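J.: For reference, the structure I am asking about is given below.
Just so you know, all these numbers are worked out from the coordinates, no wet-lab data involved. Here the structure is a predicted model, which means the values were calculated and not measured. All Cβ positions, even for glycine, are placed from backbone atoms using ideal geometry, and neighbour counts span all protein chains on display.
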Amino acid sequence: MTIETHLNDGTPVCIRRVRRADEARLRDGIARLSPQSRYLRFFSGMREAPPQVLRTLASPDGHDHLAWGALRSDLPDTPALGVVHAFRDKNDPGTAEYSVAVVDDYHGRGLARLLTAVLLLDCAREGLTHFTVHILPENRPALTLAHSLGAEGAGYQSGVSVLDINIAEALDALRAETGVPGLVAVFDQFEMDDSRGEPLGASAHEG
């Protein structure tokens, strides 16, 4: 399934599961991030992720590692615009570490919330109840997003803020969100697919 929706400015996007064939897309997307965005996302200014990191990011199994990417569906090469991941905690199987990255040109258009909504829905279906997210204190947009989802502080690790997000409460917050009109399509399409019992992941945008 591909979720077809749009950004706040009307730009059409499709959101689908990340798969192994997306490794090159992920590499190119990281390279397209500004140095500041790469630092805020990876806590490093690296221009390219190490091969092992790329393989891990491009190898979700749909249960312990969930990942979705957004593509611009009105362009022939359907470039990647952003990606979101959840890695299940081996010691606490109801919790996953959450992260989201959006290409700089698409900041401020609601994409992080669209991706997060899809991930939250998928994680809830996989039995997860909480996200943990690590955010640098200077990353104000990420902190604003986390707090809008109901995040609560869980401490600090090496100068990084650690927050806890209740998945059910975060979904309620996004359902009530009025500033991102594309969320309606996300909830409608995901839940329609769920009601039919069809597997998510097949995509009309195989390229």
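J.: Picking from Ser73, Ser37, which residue would you name as being under 21 Å from Arg113 (Cβ atoms), polar (S, T, N, Q) and in contact with a Cys (Cβ under 9 Å, 6 or more places away or on another chain)?
T.: None of the others qualify; the one that does is Ser73.
J.: Out of the residues in the range 123-143 that are farther than 24 Å from Gly155 by Cα and touching a helix residue (DSSP H, G or I) at 6+ places or on another chain (Cβ under 8 Å), state the one that is surrounded by the fewest Cβ atoms within 10 Å (Cβ to Cβ).
T.: Arg125
J.: Counting residues that are surrounded by fewer than 18 Cβ atoms within 10 Å (Cβ to Cβ) and either free of Cβ contacts under 8 Å to residues at least 40 places away in the same chain or among the aromatic types (Phe, Trp, Tyr) (or both), which strands (runs of 3 or more DSSP E) fully inside the range 1-120 reach at least 3?
T.: 92-102
J.: Taking the range 136-195 as the region of interest, how many residues are in contact (Cβ under 8 Å) with a residue 40 or more places away in the chain, within 16 Å of Thr5 (Cβ to Cβ) and outside any helix (DSSP H, G or I)?
T.: 5
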